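The values are calculated or read from the model by the stated rules, or taken from the named source; none is laboratory data. Because the structure is predicted, anything quoted here is derived from the model rather than measured. Every residue, glycine as well, gets a Cβ built from its backbone with ideal geometry; the counts of neighbours run over all protein chains shown. The area values use the complete protein model at the heavy-atom level, side chains included, leaving out ligands, DNA and RNA. Shrake-Rupley method; radii C 1.70, N 1.55, O 1.52, S 1.80 Å.
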Amino acid sequence: MSSTDEPWLHTEHGASIGHTEAWTWAETVRLQLRRVLTGDGYTTILDSYQFVMALRMTLRGVEMTRRHLATDLARDILDEGLAAFTAAVPGGKEARDVIEHSDEYTQGTGRLQHPSGTGPKSRTPDDARAEEFRIRFDRCRRGGERRPVLVVGPYPIDLIDAAEAATRLERDAYEALLTDEGRPWPRGSAYALRSGEAVPRQAGPDDPLG
């Protein structure tokens with residue numbers, strides 16, 4: 001059997017599959033942001049819920065990519081990208097947990113509503129804890145711009161910042177994937193291309209962007 005006839009094995013392409021998932025969900029994040037920005041009061045809250053879920057799935061795809069990378073250099077790119085994402089979207093993971101497990105958080109029995117290590121059977125219903133984790137849609141002003149914010153208990157998620165962070169992280173995953181395959185791009189070039197910015201170039205004939 002020639003190399004071109006060999007089957008494509010999912011288990012040998014975990015990093016690529018992870019990036020495909022990250023790209024899919026990052027596109028969903030951007031779609032949901034557009035819907036939030038153009039929607040009315042009723043649909044806005046629905047779309048903002050979906051936004052947070054898509055944000056978490058973007059992160060999950062990138063984490064899958066990270067687990068399957070074979071080189072330290074590629075892993076370093078994603079470690080840097082993941083740290084930047086966490087700094088840009090504090091509470092993103094936690095907000096998704098609250099929404100996904102609303103049956104617990106609305107009763108005050110969610111994991112984050114109790115001290116670390118508290119088992120599910122020890123989490124008793126509590127109205128005060130439930131109120132602290134109430135979800136509401138809000139808008140904040142920054143430089144004269146009204147920005148959509150989903151407040152999930154103690155975790156306010158600026159949807160515009162979060163969408164940009166998701167885009168940047170997915171592009172970081174793409175650069176890490178290319179680096180892992182021996183085809184590195186200048187750092188930040190994938191995001192610059194996606195955003196229409198000036199593309200960073202590396203000196204010399206090895207510049208992959210020509």
If Arg183 satisfies all but one of (1) surrounded by fewer than 21 Cβ atoms within 10 Å (Cβ to Cβ); (2) assigned to a helix (DSSP H, G or I); (3) not hydrophobic (A, V, I, L, M, F, W, C), what's the number of the condition it fails? (2)
Right, Ala74: in contact with a His (Cβ under 7 Å, 6 or more places away or on another chain) and in contact (Cβ under 8 Å) with a residue 60 or more places away in the chain or not? no
Answer with yes or no whether Gly18 is under 22 Å from Ala163 (Cα atoms) and touching a Gly at 6+ places or on another chain (Cβ under 8 Å). yes
Strands (runs of 3 or more DSSP E) (entirely within the range 113-168) containing at least 1 residues that are exposed (fewer than 11 other Cβ atoms within 10 Å of the Cβ): 135-142, 145-152
Applying the selection to the range 170-181, what residues are over 18 Å from Gly196 (Cβ atoms) and not small (Gly, Ala, Ser)? Leu177, Leu178, Thr179, Asp180, Glu181
Right, Gly108: open to solvent by less than 10 Å² (accessible area, probe 1.4 Å), outside any helix (DSSP H, G or I) and either over 21 Å from Asp158 (Cβ atoms) or in contact with a helix residue (DSSP H, G or I) (Cβ under 6 Å, 6 or more places away or on another chain) (or both) or not? yes
His101 versus (1) open to solvent by 20 Å² or more (accessible area, probe 1.4 Å); (2) touching a Gly at 6+ places or on another chain (Cβ under 9 Å); (3) touching a residue at least 12 places away in the same chain (Cβ under 8 Å): which is the lone unmet condition? (3)
